[in-house]
Structures are given as C-alpha cells and as structure tokens.
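Before any comments, here is the structure.
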Amino acid sequence: MKKAIAAILALVLLAAGAARAAEPPKDPKSFPIGALLAMTGQASFYGQVMSQGMKQAVDEINAKGGIDGIPLEAVIEDHKGGGGQDGVAAMNRLISIHHVQAVLTSFSAPTIAVAPIADQQHILMVNGGAVSPQLVGLSKYLFHNRSLSTDLSRIAIAYAAELGGKKLAQLQWQNDVGDNIVKIADPLWKKDGGTVVATEAVAQGATHMDPQVAKLRAANPDIIALWTFNPETGLALKRIRDFGMKQPVIGVDFTENDAKIAGAAANGFHFANDYFAPSDSEPWSKQFATDYKKRYGTDPDFYAANYYEGVYVIAECIKRARAKGGDYWNGEALREALLSNPKFNSVYGGQMVFQPNGVALKRTALFTVEDGKRKFVKFLEAKE
C-alpha cells in the first residue's frame, strides 16, 4: 500500500514539474537594459564610446525583431566618473524608475559601490571597462567581459613561455593587486616547467626601488615580469636597464607617463591589454567595425566593442531564460542562464568563457613598445 501511495505521489510531482516547465513565459513589453557610464565630467569620453557601442547593439537586435518580438531599450545613467555616491544614485534610478534587471557597469569605484545593491535587488551586472582585481568576487551577480589585470597576466605569461625562458623574476605592487596577479602567474609559469627565482614587492607610489631591482639581478632570471602599474612600471623599466639587465621584460600595463619616465629603457617591453581589431577572418567583428564607423564616423576601440558585446551577452541570457518559461525577467534567472553555459560568442573573434570568478577569458592582445609608443604584436589566447 505504501509503495502504491509513493508511486502515485511521484507521478503527481512529475506531472506538476512538467506543468511548471510548460508554463508560458511572462513577457514584459520591453527589456530595459541599464548602463552606469561616465557621461559627464573629465572621463566623459569613455562614457560616449561605451554608450555608442551599447546603442548599436540594441538597434541591431531590435532591427532583427528583438527577442522573440520584444524590443530592448538602452537606459543610460551618469555616474560622472567619480566616486561611489553618484554611482549609487544612478543605480537606484535605474531600478526604481526604469525597472531594469540587467546593467552594464563601468569604472571600479562606482561598480564597487553598487555591488551590494545588485546583491539585494538581484540585478545582473556586466562590466566592460573596469580592471581592478578588487572586482573579483565582489557580487555573485557581477560578470566581466573586460580582462582584469589578473587575467592580463595570463597573456603575459603565455608570451614569456613562447620565449623559451625557464627562470622568472617578478616585481609586484605591494598590495592586493600585486598579490592577486602573483597568485595567478606563479602556478601558470610552473605548470610549463618554469621556476620563479625571485619575487620582490614595491609600494604603490614608490620612488626608489634599487634594493628590489638589485635582488632581481642577483637571481639571474631569463625573463622579468612587472606586475606593477603607472608610474612604477616606468621607473622599474628604467632602473632594470640602468642596472645593466638586458633580459626580456613583460607586464600588464604601460601608459604615456611610463614612457616619459622610462625613456629608451621602455623599448622592447611587452605587455598585455584588451584590443579590438576587425579582420576578414572574423565576419562579426568586421561588420561591427564597418557599421560603427558609418554611425559615428570613427573606428571602434575595445571599450566600444566591450559594451556592444555586453548587450549581446545579456540578450543571449534573456533568450535562454525565456525558453524556460514562467516569470523569467529577473536578474536571478539571467544569472542562472549565464552560468548554465558560460560560453558566448565574442565580437573579438571566437568564443569567450566566463570563469567561476565571473571574468571572461577571451582573445587578448600582446603589445610591444617602440620609441615610447605601444605597437600591436598579435593576439594570444589566455590559459586557464
């Protein structure tokens, strides 16, 4: 008797599950996608470029019928490029006035400030601009199609491995940023049979690093890695060459200020960074670039490409969530849709894969420095 009752209950539960699976989707009239960008202030150039990429993607998708006939909307709020207060106010407007469930975010400080709101309100966020390692793990709703500094180190290490060296010396920032890069770089280098012969740290803002550079020289490495940022990268390059060290130097950052500090010592420095370059072998990237130039009169940079691509990531998540039916227009359903298959087509070419930490591994560029200017060398695929 008990077995019969259990069997009946199982059938009832199965039927109920099937009914839920077959529940038609509860569609909104449109899908408002928010954006937190620097539309005014000293950093407004970035907001303009990012918003242009976003709007182009929205228009393209809507021209093809939206998502199953439902249009997307681009809703942009200004965080003014400043601290978190403006970001929080902008995020609250997106949620309370426009009822967004997904947001394209930018800049580290505003993103850090609004992360608790995303957690509380279950809002999917995609970052295409900020690079701080502090963003990793900040919110379970935060994902990145911008390569963070920790992942740029993967590209630098991949290039160092190509050079054939086995002994690596590292100079890092003495903070969480530097520590996190080393945690990524160390095992990757050792995985290919290399050894780390020295790891030295300098404080952010350091103006004297000769003791650390001397220890790098004493370790006699084949390759030197700089896990530092402006202006320490420029100073490190200068002192390394002043100390007579001629080994290849790799890194993850190089600015005009670094070029001024290092002078000729920067020549030959290789570093990784995001870079968008359309090619005949990648039809989507070429079409995006062609259409972007028609719309805006200039070629797209990687910021425009990232926010264009970010809209397509969100749109794909909406499609996946809608296919399951029911009340799908919410950040939790979108997040689950992303995690169910973390592979997405990339406008850079090929596919990008969102790692468990929320950062997408994608095609990234290797640059070298010639006469104080960055020069594109080639694309490399980041290693896990």
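Just so you know, all these numbers are worked out from the coordinates, no wet-lab data involved. Here the structure is a predicted model, which means the values were calculated and not measured. Counting neighbours? That spans all protein chains shown, and the Cβs are built from the backbone with ideal geometry, glycine included.
Using only Cα atoms and rounding to the nearest 10 degrees, what angle (0 to 90) does helix 302-323 make with the longest principal axis of the chain? Long axis of 302-323 versus the principal axis of the chain: about 30 degrees. Other residues with beta-carbon under 11 Å from the beta-carbon of GLY178 carry, at +1 per Lys or Arg and -1 per Asp or Glu, a net charge of -3. For HIS79, the residues 5 or more places off, or on other chains, whose built amide H falls under 5 Å of its own are LEU37, ALA38, MET39. Helix 84-96 and the longest principal axis of the C-alpha atoms of the chain enclose an angle of approximately 20°.
Here the peptides 171-180, 190-199, 340-349, 126-135 are ranked by packing, the mean other Cβ count within 10 Å, and the order with the highest first is 126-135, 171-180, 340-349, 190-199.
Between region 83-120 and region 325-350, the C-alpha centres lie 20 angstrom from each other. Each Lys and Arg adds +1 at its Cβ and each Asp and Glu adds -1 at its Cβ; summed about the Cα centre, the chain shows a dipole of about 760 debye. Excluding LEU142 itself, calculate the net charge of residues whose Cβ lies under 11 Å from the Cβ of LEU142, where each Lys or Arg counts +1 and each Asp or Glu counts -1. Summing Lys and Arg as +1 and Asp and Glu as -1 gives +1. Rounded to a whole number of µm²/s, how large is the Stokes-Einstein D of region 64-144 at 4 °C and 1.567 mPa s, given Rh as the Kirkwood radius over C-alpha pairs? Here the translational diffusion coefficient equals 99 µm²/s. Volume of the convex hull of region 137-271 (Cα atoms only), normalised per residue: 107 Å³.
When the alpha carbon gyration tensor of the chain is reduced to an equivalent ellipsoid, the three semi-axes, largest first, read 42, 25, 19 Å. Between region 205-222 and region 22-55, the alpha-carbon centres lie 45 Å apart.
Phi angles across region 47-64 convert, under the Karplus curve 6.51 cos²θ - 1.76 cosθ + 1.60 with θ = phi - 60°, into 3J(HN,Hα) values of x, 5, 5, 4, 5, 5, x, 4, 5, 4, 5, 4, 5, 4, 5, 5, 5, 9 Hz, Gly and Pro given as x. Pairs spanning more than 26 Å between alpha-carbon atoms, out of LYS55/LYS319; LYS190/LYS373; LYS260/LYS293; LYS29/LYS362; LYS166/LYS343: LYS190/LYS373; LYS260/LYS293; LYS29/LYS362; LYS166/LYS343.
So what's the angle, to the nearest 10 degrees on a 0 to 90 scale, between helix 176-191 and the longest Cα principal axis of the chain? That works out to roughly 80 degrees.
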